[in-house]
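Engineer: Let me give you the structure first, and then I'll get to my questions.
Every number here is computed from the coordinates shown, using simple stated rules; none is lab data. These numbers were taken from a predicted model, which means no experiment stands behind them. Cβ atoms come from the backbone with ideal geometry, glycine included; neighbour counts cover every protein chain shown.
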Amino acid sequence: MIELSVILITKNQEWNVSRLIQSILNNIKWIHSSEVYLVDSASTDRTVEIACQFPINVLELQPSQPLTASAGRYTGYQYTSGRYVLFLDGDMALFPGWLEKGMELLMNRADAGAVTGIVIDHPIGSLDFPMAGSKSEMESLQTVDIPFSPGAALFSRHVLEKVGSFNPYLISDEEPELCLRIRSAGFKIVCLEIPMVCHYTYSSYKISTQFGRWRRGLYLGMGQVLRYHLGKPLFWNYISERGYGCFPAIGLLIGIICLTLTILTNWWLLFGFWIFLFAGFISIDALRKRSVYRTFFSLVGRILCMDGTIRGFFKKINSSDKYPAKVRFRKIVRIENNLMDH
């Protein structure tokens with residue numbers, strides 16, 4: 001059996017794909033048996049051409065099907081067989097030393113379904129390549145249980161076989177949804193507190209970044225997950241952990257009810273009371289964060305989450321086994337025993 005499968009997902013990331021792949025190849029040399037699959041979501045740049053220059057398997061999802069990050073992960077998983085499965089996004093690069101520690105943790109902890117690490121954000125145009133952390137950092141085995149992993153995580157295949165892999169129809173929030181299923185099956189999501197990946201991205205603390213995610217539909221997944229698990233025990237678990245868009249919706253609904261009753265009764269004190277509570281909440285939050293910008297940033301984020309949750313709830317989501325997975329095989333090379341078999 002292959003020891004490790006690595007699944008990389010890309011879309012129009014020619015600017016980073018070489019760095020991503022090389023970081024993987026540099027870190028799997030010590031593994032007895034491994035395979036690397038890159039699944040591309042119909043890139044229109046040179047991502048696939050560049051990836052084909054490396055000794056890895058390259059698959060292209062065709063544009064005639066729903067294309068999501070989750071679809072890339074789901075499809076890659078179907079073509080791999082490793083005992084452990086590492087997922088990385090196309091805008092990342094793997095830190096030296098993390099993989100060995102992550103696999104060691106999964107081997108020694110039967111209760112761990114997945115392990116992740118610290119994600120270091122870098123500006124998207126950065127030319128920096130991840131270097132090893134300090135000796136004390138990379139020797140650390142401090143861990144903490146977390147509710148869900150980011151896009152970079154190492155999973156045990158037997159756990160994914162038990163609970164199912166990523167749902168390819170989810171536009172976003174696929175990691176929390178999968179991790180919720182893993183935890184409900186009695187396993188833990190563990191963060192190994194050493195640097196795992198460099199994540200090349202735009203600043204997360206800019207309102208323009210929030211609107212960029214909103215335009216790409218990346219808040220819709222929250223509503224999709226709620227609809228998919230409606231009537232199931234996981235529905236309420238998800239709301240308690242990821243209901244960022246639900247609570248603003250409740251507040252807005254109360255405001256609409258107050259305004260309607262105010263218009264009907266001409267009792268403006270009712271709607272004024274709602275405005276007073278809203279203004280009080282904003283003021284307290286600003287004092288707590290000691291920043292008007294951070295409060296405004298948080299408010300905009302919750303409003304966009306609310307919009308995505310509501311619209312996503314009305315998007316039908318199918319089970320994973322109905323996904324068409326139309327794939328073009330661009331290159332098939334298996335890395336096994338650190339030798340290439342064409």
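Engineer: Taking the mean number of other Cβ atoms within 10 Å as a proxy for protection, how do you rank 201-209, 39-47, 156-164 from highest to lowest? Walk me through the numbers on the way to the answer.
Structural biologist: Details: 201-209: 12.2, 39-47: 19.1, 156-164: 15.9.
Descending packing order for the listed peptides: 39-47, 156-164, 201-209.
Engineer: Using +1 on the beta carbon of Lys and Arg, -1 on that of Asp and Glu, and nothing else charged, what's the dipole of the range 1-95 about the Cα centre, debye to 20?
Structural biologist: Numbers: 6 positive and 9 negative charges, 43 e Å.
Here the range 1-95 has a charge dipole of around 200 debye.
Engineer: For the range 245-334, what is the convex hull (Cα atoms) projected area averaged across all directions, in square nanometres?
Structural biologist: 11.5
Engineer: Can you tell me the alpha carbon radius of gyration of the range 1-136 divided by the globular rule-of-thumb value 2.2 N^0.38 Å?
Structural biologist: Details: Rg = 14.9 Å, N = 136, 2.2 N^0.38 = 14.2 Å.
Expressed relative to 2.2 N^0.38 Å, the Cα Rg reads 1.05.
Engineer: Once you keep just the Cα pairs under 8 angstrom separated by 6 or more residues, what percentage relative contact order results for the chain? Mind showing how you got there, number by number?
Structural biologist: Details: 648 pairs, mean separation 78.7, N = 342.
Relative CO of the chain lands at 23 percent.
Engineer: Something else about it: Between residue 227 and residue 49, what is the spin-label point distance in nm, taking each point 7 Å from the Cα along the Cα→C-beta axis?
Structural biologist: If labels sit at residue 227 and residue 49, their model points lie 3.9 nm apart.
Engineer: Determine, for each peptide in 179-192, 100-113, the mean count of other beta carbons within 10 angstrom over its residues, then list the peptides with the highest first.
Structural biologist: Values: 179-192: 19.7, 100-113: 16.3.
By packing density, highest mean first, the sequence is 179-192, 100-113.
Engineer: Return the distance in nm (one decimal) between the two label points of a simple spin-label model at residue 141 and residue 128, each offset 7 Å from Cα along Cα→Cβ.
Structural biologist: Placing both labels 7 Å beyond Cα along the Cβ direction yields 2.9 nm.
Engineer: With θ taken as phi - 60° and the coefficients 6.51, -1.76 and 1.60, list the Karplus ³J(HN,Hα) couplings across the range 47-52 in order, rounded to whole Hz; mark glycine and proline as x.
Structural biologist: 3, 5, 4, 5, 4, 5
Engineer: In vacuo Debye scattering of the range 20-77, one point per C-alpha: log10 I(q)/I(0) at q = 0.15 Å⁻¹?
Structural biologist: Reported log10 I(q)/I(0), two decimals: -0.48.
Engineer: Given the C-alpha atoms of the range 217-265, compute the convex hull and give its volume per residue in Å³.
Structural biologist: 97
Engineer: Also: Expected output is a single nm value to one decimal: the length gained when fully extending between residue 237 and residue 330, i.e. 0.36 nm times separation in residues minus the C-alpha distance. What is it?
Structural biologist: Details: separation 93, 0.36 × 93 = 33.48 nm, distance 4.08 nm.
Gain in length upon complete extension: 29.4 nm.
Engineer: Rank 296, 231, 261 by how far each Cα sits towards the positive end of the charge dipole of the chain (+1 on Lys, Arg Cβ; -1 on Asp, Glu Cβ) and give me just the farthest.
Structural biologist: 261
Engineer: What's the magnitude of the charge dipole for the range 1-52 around its Cα centre, counting Lys and Arg as +1 and Asp and Glu as -1 at the beta-carbon? Answer in Debye, nearest 20. Don't jump to the answer; show the numbers that get you there.
Structural biologist: Values: 4 positive and 6 negative charges, 28 e Å.
It works out to roughly 140 debye.
Engineer: Helix 98-108 sits at what angle to the longest principal axis of the chain, using alpha carbons and giving 0 to 90 degrees rounded to 10?
Structural biologist: Computed tilt is about 90 degrees.
Engineer: Also: Applying 1/(1 + (r/R0)^6) with R0 = 51 Å to the Cβ-Cβ distance of residue 111 and residue 260, what FRET efficiency is obtained, to the nearest 0.05?
Structural biologist: Numbers: r = 51 Å, r/R0 = 1.00.
Computed FRET efficiency for residue 111 and residue 260: 0.50.
Engineer: Starting from 0.36 nm per residue, how many nanometres of slack lie between residue 161 and residue 282 once their C-alpha separation is accounted for? Display every interim value, and only then the final one.
Structural biologist: On the way: separation 121, 0.36 × 121 = 43.56 nm, distance 4.53 nm.
Taking 0.36 nm per residue and subtracting the Cα distance, the gain is 39.0 nm.
Engineer: Ratio of Rg to Rh for the chain, alpha carbon only, Kirkwood? Intermediate values should be presented prior to the final figure.
Structural biologist: Working: Rg = 22.1 Å, Rh = 21.7 Å.
For the chain, the value is 1.02.
Engineer: Against the 2.2 N^0.38 Å scaling, with N counting residues, where does the range 177-330 land? I'd like the Cα-based Rg ratio to two decimal places.
Structural biologist: Numbers: Rg = 19.8 Å, N = 154, 2.2 N^0.38 = 14.9 Å.
In units of the globular-protein estimate, the range 177-330 measures up at 1.33.
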